[in-house]
Amino acid sequence: NDLSSRLSGDVLARLKPGTTWQPQAVWAALNSHWQAGFLVNHLLLSNEMVNESLGTEEAELTLALQIATQLAERNNSLVIELGFVAAGLMMASPKMQQLLVKANAQPSDVEAIANWLGRNLGKGHIKRNYGGIGRDWAFGFTPLLDKFGHNVSLAITNNGAHFDWLMQSDGV
């Protein structure tokens, strides 16, 4: 499995000839894509913070690409998407791990976001939309939301467009 044959077109298009093979240079080439932005925004970081936390060693990039390949395989993707490469860059950097801890995040959060991306990129059809983004876009644990809220999108998906269950579950 040659790496260049598995990288997505989005990744290959951004890695122009002459790109230095170091994590900071690869991040600079990829960070304007929406998948990299998705990761950064969910972690409440900026592109600059990530760039400063990445190293300049080719060995770190090699590890990052191995992680990206593993993420793609875990998500049953034949293609290594840009989001997997961005997550691999973050997960391979020791300084990035420290930055995540300072930002009250865990290194496993990067993997969880990449897996969420992988699951949704792998869907071959467009899911019907029943409303806002709410809990479906929430990341991590939502105990307070679970305690006081109802997942209306899931209920509509499971029960159809009948709202009788709302009145019954609230005792109204």
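The values are calculated or read from the model by the stated rules, or taken from the named source; none is laboratory data. The shown structure was predicted, so the numbers you read here are calculated from the model rather than taken from an experiment. Cβ placement follows ideal geometry from the backbone for every residue including glycine, while neighbour counts extend to all protein chains displayed. These area figures cover heavy atoms from the full protein model, side chains too; ligands, DNA and RNA do not enter into them. Shrake-Rupley method; radii C 1.70, N 1.55, O 1.52, S 1.80 Å.
What the table shows:
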| item | result |
| --- | --- |
| Test for ASP146: is it acidic (Asp, Glu) and at pLDDT 90 or above | no |
| Pair list, Cβ under 9 Å, 6 or more apart: the stretch 23-48 residue at positive phi, other residue open to solvent by 20 Å² or more (accessible area, probe 1.4 Å) | LEU44/ALA103; LEU44/ASN104 |
| Any hit, the stretch 42-49, residues being open to solvent by less than 40 Å² (accessible area, probe 1.4 Å) and outside any loop (DSSP other than H, G, I, E, B) | no |
| Whichever residue in the stretch 1-11 is without any contact (Cβ under 8 Å) to a residue 60 or more places away in the chain and open to solvent by less than 80 Å² (accessible area, probe 1.4 Å) and, among such residues, is nearest to the chain's Cα centre (by Cα) | GLY9 |
